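**Student:** Below are the structure tokens for one structure; questions will follow.
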Amino acid sequence: MAYFIGIDLGGSSVKAVSISSSGEKLADRNVDFSASEKMQWADCVAEIIRDIETEQGKPAEAVGLSAPGLAAPDERSIACMPGRLEGLVGLNWTEFLQRDTPVPVLNDGHAAVLGESTLHAGRAADNLFMLTLGTGVGGGAIVNGQLLRGHIGRAGHLGHISLDPGGAPDICGIPGSLEDAIGNCTVEARSNGRFQTTHDLIAAHLAGDEFATKVWLKSVKALAAGIAGLINVLDPETVIIGGGIARAGEALFQPLREHLDQMEWSPTGNKVRIEPAKLGEFAGAHGAARRAAIP
């Protein structure tokens with residue numbers, strides 16, 4: 001049976017899935033790496049592919065890869081990725097992985113929204129956008145049934161909208177961005193050094209820590225403001241929330257929906273659906289695998 005591998009390279013971990021030709025998931029992996037170790041993430045990708053192919057007993061038909069940053073027009077590499085994963089920009093994954101067939105490379109937000117729209121949460125929606133909340137904030141949009149790519153493939157970087165023009169610039173130079181308001185990359189700064197990860201912050205919030213609650217709910221309110229603005233720009237039927245932070249469940253979605261009840265403009269009375277990603281943290285990997293399966 002032919003199968004395909006999708007790789008989603010994040011800021012601190014590599015997620016992978018293998019799927020059959022019919023889209024059935026055969027296996028998945030989630031492996032952490034040290035971002036401070038030069039190119040450890042690349043070796044991690046190669047090791048995961050070898051592991052999956054050994055388990056399946058034969059090579060994959062094709063491999064697709066998603067990563068943060070701007071994908072090159074020929075889909076062979078990431079053309080621009082400021083500030084993180086040194087060595088990623090310009091790396092030809094087909095050559096690095098020594099594959100006989102090309103390895104299509106996608107922006108991670110594009111891959112995630114493709115995975116969700118094709119396989120599950122957004123299947124019936126022609127207009128939707130997705131935010132992936134993790135180390136940073138990725139995104140992607142389906143507009144009138146088509147992936148929104150834009151002039152140079154930059155469309156969908158929804159985490160890099162400004163919520164505060166007086167705020168500090170993010171890695172793309174955007175002041176007071178949505179990414180910096182809720183991404184794991186700034187949680188230490190937002191919590192005055194008390195928390196190293198968003199998961200720790202949320203755990204303290206749920207345990208009744210008043211300071212953690214204040215920091216967390218401020219972040220969720222900022223997320224709601226960003227979503228409300230994007231709803232007015234893109235006019236979706238559905239907004240999908242994925243990424244590691246979305247594992248918080250109702251600790252995220254309940255206050256998010258409460259804020260959106262106050263912020264969302266609903267001129268026809270129809271509220272936009274806010275849904276967790278059905279594919280969870282593996283949406284990007286699924287999207288990359290589906291892209292690999294396209295001739």
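**Student:** Does ARG84 qualify as being among the basic types (Lys, Arg) and either touching a His at 6+ places or on another chain (Cβ under 7 Å) or modelled with pLDDT under 95 (or both)?
**Tutor:** Here the answer is yes, as ARG84 does meet what is asked.
Listed here are the residues, each with its yes/no results for (1) open to solvent by 40 Å² or more (accessible area, probe 1.4 Å); (2) more than 16 Å from the chain's Cα centre (by Cα).
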| position | (1), (2) |
| --- | --- |
| LEU147 | no, no |
| ARG154 | yes, no |
| LEU158 | no, no |
| GLY167 | no, yes |
| GLY173 | yes, yes |
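**Student:** Moving to a separate point now. Residues in segment 55-70: is at least one buried (at least 18 other Cβ atoms within 10 Å of the Cβ), among the β-branched types (Val, Ile, Thr) and under 18 Å from ASP108 (Cα atoms)?
**Tutor:** Checking segment 55-70: at least one residue is buried (at least 18 other Cβ atoms within 10 Å of the Cβ), among the β-branched types (Val, Ile, Thr) and under 18 Å from ASP108 (Cα atoms).
**Student:** All but one of (1) closer than 28 Å to ARG154 by Cβ; (2) of a type outside the set (A, V, I, L, M); (3) at pLDDT 95 or above hold for PRO59, so report the exception by its number.
**Tutor:** Evaluating PRO59 over (1) closer than 28 Å to ARG154 by Cβ; (2) of a type outside the set (A, V, I, L, M); (3) at pLDDT 95 or above leaves (1) as the failure.
**Student:** Can you tell me which residue is least open to solvent (accessible area, probe 1.4 Å) among those in segment 270-290 that are part of a loop (DSSP other than H, G, I, E, B) and closer than 23 Å to PRO68 by Cβ?
**Tutor:** ALA277
**Student:** Does segment 38-49 contain any residue that is of a type in the set (Asp, Glu), open to solvent by 70 Å² or more (accessible area, probe 1.4 Å) and in a loop (DSSP other than H, G, I, E, B)?
**Tutor:** To start, the set of residues in segment 38-49 that are of a type in the set (Asp, Glu) comprises 43, 47.
Of the ones still in play, those that are also open to solvent by 70 Å² or more (accessible area, probe 1.4 Å) are 43, 47.
If we keep only those that are in a loop (DSSP other than H, G, I, E, B) as well, we get none.
Checked against the condition, which is being of a type in the set (Asp, Glu), open to solvent by 70 Å² or more (accessible area, probe 1.4 Å) and in a loop (DSSP other than H, G, I, E, B), segment 38-49 yields no hits at all.
**Student:** How many residues are closer than 22 Å to ALA168 by Cβ, assigned to a helix (DSSP H, G or I), open to solvent by less than 40 Å² (accessible area, probe 1.4 Å) and out of contact with any Phe, Trp or Tyr (no Cβ under 9 Å at 6 or more places or on another chain) if we restrict to segment 183-219?
**Tutor:** Going through segment 183-219 one residue at a time, the tally reaches 3.
**Student:** Please find, among PRO267, PRO255, PRO236, the residue that is assigned to a loop (DSSP other than H, G, I, E, B), touching a residue at least 12 places away in the same chain (Cβ under 8 Å) and either open to solvent by less than 10 Å² (accessible area, probe 1.4 Å) or more than 16 Å from GLY134 (Cα to Cα) (or both). Reasoning before the result, please.
**Tutor:** Details: PRO267 fails: touching a residue at least 12 places away in the same chain (Cβ under 8 Å); PRO255 fails: assigned to a loop (DSSP other than H, G, I, E, B).
Checking each option against the conditions leaves just PRO236.
**Student:** For residues that are over 20 Å from GLU281 (Cβ atoms) and outside any loop (DSSP other than H, G, I, E, B), scanning just segment 79-115, find the one that is most open to solvent (accessible area, probe 1.4 Å).
**Tutor:** GLU95
**Student:** Do we have PHE211 as within 22 Å of the chain's Cα centre (by Cα) and free of Cβ contacts under 8 Å to residues at least 60 places away in the same chain here?
**Tutor:** Against the criterion (within 22 Å of the chain's Cα centre (by Cα) and free of Cβ contacts under 8 Å to residues at least 60 places away in the same chain), PHE211 does not qualify.
**Student:** Restrict the check to segment 157-178 and report whether at least one residue is touching a residue at least 60 places away in the same chain (Cβ under 8 Å), over 17 Å from ALA112 (Cβ atoms) and not in a loop (DSSP other than H, G, I, E, B).
**Tutor:** No, every residue in segment 157-178 fails to be touching a residue at least 60 places away in the same chain (Cβ under 8 Å), over 17 Å from ALA112 (Cβ atoms) and not in a loop (DSSP other than H, G, I, E, B).
**Student:** Continuing with this model, one more query. Would you mention how many residues in segment 2-13 are surrounded by fewer than 23 Cβ atoms within 10 Å (Cβ to Cβ) and either under 20 Å from LEU133 (Cβ atoms) or free of Cβ contacts under 8 Å to residues at least 40 places away in the same chain (or both)?
**Tutor:** The total comes to 3.
The values are calculated or read from the model by the stated rules, or taken from the named source; none is laboratory data. Everything quoted here is computed from the prediction, not taken from an experiment. Every residue, glycine as well, gets a Cβ built from its backbone with ideal geometry; the counts of neighbours run over all protein chains shown. What goes into the accessible areas is simple: the full protein's heavy atoms, side chains included, and nothing from ligands, DNA or RNA. Shrake-Rupley method; radii C 1.70, N 1.55, O 1.52, S 1.80 Å.
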